[in-house]
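Inspection log for the structure reproduced underneath, given as structure tokens.
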Amino acid sequence: MEPIWAVGLMTGTVLDGNIDVALLKTDGETVETAGAYTLAPYPPEIRFLLEESLAQARVWEFEGPEPAIFAVAEEALTRAQSRAVQDLVESAGLTMAEIGIVGFHGQTVLHRAPNRERLGDTRQLGDGELMASILGCKVAYDFRTADVRAGGQGAPLAAVYHAALLRGVDRSGDSAVLNLGGVGNVSWWDGEDLVIAFDTGPANAPLNDFIKSLGLGEMDRDGALGASGKVDEERLARLLEHPYMTAPYPKSLDRYSFTAAMADGLSPEDGAATLSAFTASAVGKALDLLPRRPKRLIVAGGGRRNPTIMAMLEQRAGVEAVSADEFGWRGDAVEAELFAFLAVRVLRGLPISFPTTTGAPRPLQGGRLAG
């Protein structure tokens, strides 16, 4: 298949108020061209709808009818993200007729990993059929459900794209990709045929929630609070005893698997420092599980902008931490690019999850096609 233009969309569980939108020319195996990207702000009313949807999802827990707010939020976010696609395509000097497919992840409101007694479950808000009708092109969406129903974790899905990026910078197996969004996830490629990926632990979500709960803004901007605080080492040691830290992969987390309550009773500075240290230390524990410990992490996602976390990765995870931007990647766009890449794989019928990334029983096609 010749490479085609695809648009990828991502809104993470950290709820930073932005829609990540990126253009990618790809055949789903290699990247020919990374096109325009943007962070398109959500209207405030949609952000409120999403925050309320996440809150109600935690009460719902996949039991009984879905909260009514889901349908309202789903339509609103689908229309907003459709506009974001149209705006990006137009700004890039393209038309929708030149777009082969859109990859629409939607908004995760609840994700439950499987256990020995039951399959997992996952819910992303996003109406692919509505988006296809608005945009007049094919849309791939609902990327996680097929994997979960087959017994997989449904996450992370980034590995196949991260491996494609790594082929251009390091085929030795000495580098891994770390994405720090609401949750952290790592992807490691051995340079040949083996790709391993799993969630490392909490990343920005508990830290942001802690800062917001104190009325100190949306995040620990530039890691300033964490840098001025002192890590509660005793508390950190207890947090690192959580069974998730040493559980074998494949494994995944929900945004609220670890919460801001981990910092209860600490000052703003010490709380931020302790939560940042937990993120970095959890990454170190994760790297210990890999067949070969990487020497370098290429860090994407919002967490790479926190110098305190980046420094703690070196100090506490024992690994060189380098921003994805230093490799010519677009650190803010990697997640959106991923869903453009996966959308083309869905279109081609190629697998998007694997036994060593989600625990799927075999390489699995996933996603649904609309349009």
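Just so it is clear, none of the values below were taken in a lab; they were calculated from the coordinates. Predicted model, so just to flag it, every value in this text is computed and none were measured. Backbone-built Cβ (ideal geometry, glycine too); neighbour counts: all protein chains shown.
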Unit charges on C-beta of K, R, D, E only; dipole of segment 14-68, Debye = 180
Could you order peptides 296-303, 146-153 by the average number of other Cβ atoms within 10 Å of their residues, highest first?
-> 296-303, 146-153
In square nanometres, what is one fourth of the surface area of the convex hull spanned by the alpha carbons of segment 159-318?
-> 8.5
Within segment 43-133, which trypsin sites (Lys or Arg not before Pro) sit in a loop by DSSP and count at most 10 neighbouring Cβ atoms inside 10 Å?
-> ARG116, ARG118
Can you give the FRET efficiency for GLN365 and ALA224, using 1/(1 + (r/R0)^6), R0 = 41 Å, r = Cβ-Cβ distance, to the nearest 0.05?
-> 0.35
Which Rg and Dmax, in Å, describe the Cα atoms of segment 26-136?
-> 16.6, 52
Pseudo-spin-label distance ARG330 to ARG79, built 7 Å along Cα→Cβ, given in nm, is 2.7
Hey, which aspartates and glutamates would be in cross-link range of LYS230, C-alpha to C-alpha under 18 Å, not counting anything within fewer than 8 residues on its own chain?
-> ASP220, ASP222, ASP264, GLU269, ASP270, GLU314
FRET efficiency for GLU192 and GLU29 from the Cβ-Cβ distance with R0 = 22 Å, rounded to 0.05, comes out at 0.90
Binning at 10 Å from 0, report for segment 275-371 what percent of all alpha-carbon pair distances ends up in each bin.
-> 14, 32, 34, 17, 2
Normalized C-alpha radius of gyration of the chain, against 2.2 N^0.38 Å?
-> 0.93
How big is segment 109-231 on each of its three principal axes, counting only the C-alpha atoms and giving the largest first in Å?
-> 47, 42, 41
In the P(r) worked out for segment 22-80, what percent of Cα pairs fall beyond 15 Å?
-> 62
Per-peptide average of other Cβ atoms within 10 Å, ordering 287-294, 15-22, 272-279, 223-230 highest first | 272-279, 15-22, 223-230, 287-294
For every other residue with a beta carbon closer than 12 angstrom to the beta carbon of LEU364, add +1 if it is Lys or Arg and -1 if Asp or Glu, then tell me the sum.
-> +3
Given H placed 1.01 Å from N in the peptide plane, which residues other than close sequence neighbours of LEU110 have an amide H under 5 Å from its amide H?
-> ARG123
Where the only charges are on Cβ atoms (+1 Lys, Arg; -1 Asp, Glu), what is the dipole of the chain about its Cα centre, to the nearest 20 debye?
-> 700
Antiparallel bridge percentage (DSSP; both residues within segment 159-318; nearest 5) = 70
If r is the Cβ-Cβ distance from THR246 to LEU39 and R0 is 41 Å, what FRET efficiency results, to the nearest 0.05?
-> 0.70
Taking GluC sites (Glu not before Pro) in a DSSP loop with at most 16 other Cβ atoms within 10 angstrom as exposed, one finds the longest site-free stretch of the chain at 242-371
Quick one: which of LYS138/LYS212; LYS25/LYS285; LYS138/LYS285; LYS251/LYS295 span more than 30 angstrom between C-alpha atoms?
-> LYS138/LYS212; LYS25/LYS285; LYS138/LYS285
